[in-house]
Amino acid sequence: MRASKGDHLVVHGRVVGMNDQVVEIIEVLGNDGTPPYRVRAENGHESIMSPGPDSVVEHRRATEEG
């Protein structure tokens, strides 16, 4: 898994009825885009995540890059 600052990390729900969790990657702490990542949820909560196999990275589009 590789990500960049500004990408979104999607953690899929593990049980029926559980929503996916989407967070923004605000800092990459691993080498060459690898985990762990510092992330921020919509409510502003920040944490460090090392995502598992139930997670995918949604890369930001080139037009969204500042």
Can you name the number of the only condition in (1) open to solvent by less than 40 Å² (accessible area, probe 1.4 Å); (2) assigned to a strand (DSSP E or B) that Val56 fails?
-> (1)
Can you name the residue in region 1-25 that is surrounded by 15 or more Cβ atoms within 10 Å (Cβ to Cβ) and of a type outside the set (A, V, I, L, M, F, W, C) and, of all such residues, is nearest to Gly52 (Cα to Cα)?
-> Gln21
Arg38 is checked against (1) open to solvent by 70 Å² or more (accessible area, probe 1.4 Å); (2) touching a residue at least 24 places away in the same chain (Cβ under 8 Å) and fails just one. What number does that condition carry?
-> (2)
Of all residues in region 41-53 being polar (S, T, N, Q) and either assigned to a strand (DSSP E or B) or touching a Pro at 6+ places or on another chain (Cβ under 7 Å) (or both), the one that is most open to solvent (accessible area, probe 1.4 Å) = Ser50
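The values are calculated or read from the model by the stated rules, or taken from the named source; none is laboratory data. Computed from a predicted structure; not experimentally measured. A quick note on method: Cβ atoms are made from the backbone with ideal geometry, for glycine too, and the neighbour counts reach across all protein chains shown. Side chains are part of the model used for accessible areas, which takes the heavy atoms of the whole protein and leaves out ligands, DNA and RNA. Shrake-Rupley method; radii C 1.70, N 1.55, O 1.52, S 1.80 Å.
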